Every structure is written in structure tokens, then in C-alpha cells.
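A.B. asks: Here you go, one structure.
Derivation of every value follows stated rules applied to the coordinates shown; laboratory data play no part. Because the structure is a prediction, the values reported are computed rather than measured. We place every Cβ from the backbone using ideal geometry, glycine too, and count neighbours over all the protein chains shown.
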Amino acid sequence: MGKRKPGLTLEEHERLGKDLRALREWLGGVMVQLSVAYPHKVADRAHKAQGGIDSLRSLLDALIHHEHPGQGVMHVYYGANNDRERGTDNIPS
């Protein structure tokens with residue numbers, strides 16, 4: 001059997017959760033911009049990218065609950081709607 005990988009620390013999950021929320025929001029803006037400028041099939045690519053991020057967030061949410069049970073992690077990948085803190089500095093604005 002292979003060696004089990006360590007997973008992420010709670011702090012790493014929190015940073016990644018913020019980054020993924022910011023990236024998803026940024027892609028939403030890209031999708032709107034593209035839908036105005038190009039045929040819908042172009043904006044659909046941004047929508048698919050958003051779906052990939054949603055899928056990753058869902059998987060990571062399940063993992064954090066398994067890795068850090070009882071540590072109040074409900075907010076990490078699906079924070080409150082009023083959580084507008086930007087996590088990623090390298091997303092173009």
C-alpha cells in the first residue's frame with residue numbers, strides 16, 4: 001500500500017477556501033464580460049470553469065470535515081454571502 005498523504009492544515013484550507021471563492025467570483029465577472037462581447041459559447045467556457053471550481057470546493061469541503069471534525073469548519077469553502085474578503089492577490093482586476 002502507498003503512503004498516505006498528510007492533507008492540508010486547517011489554516012491551509014482556510015486560505016484555499018478564500019482563494020477559491022475569490023476566483024469563482026472573478027470568473028463570474030469574466031463570464032458577464034464575455035457574454036456581452038462574444039457568442040454564448042465563449043462565455044460558456046467561463047461558466048464551465050466556474051463549475052470546475054464548484055466541484056473542487058465540494059470535494060475539499062468533504063475532506064475538511066473528515067480531516068478536522070468538530071472544529072467549526074462550515075464556513076471554510078462556503079462562507080457567508082457577506083464574506084467579501086479577497087484571498088487571491090494574483091487574480092486580474
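A.B. asks: Calculated FRET efficiency, residue 74 and residue 32, Cβ-Cβ r, R0 30 Å, to nearest 0.05?
C.D. replies: According to the calculation, E is roughly 0.55.
A.B. asks: Also, I was wondering about something else. If you take the charge dipole of the stretch 10-67 about its Cα centre, with +1 on Lys and Arg Cβ and -1 on Asp and Glu Cβ, which of 40, 59, 20 is farthest toward its positive end?
C.D. replies: Checked the options; the winner is 40.
A.B. asks: In 10 Å bins starting at 0, how do the alpha-carbon pair distances of the stretch 10-67 split up by percent?
C.D. replies: So the P(r) values, bin by bin, are 23, 43, 23, 10, 1.
A.B. asks: Using the count of nearby Cβ atoms within 10 Å as a rough guide to exposure, how do 40, 47 rank from fewest to most?
C.D. replies: If I rank by nearby Cβ atoms, fewest first, I get 40, 47.
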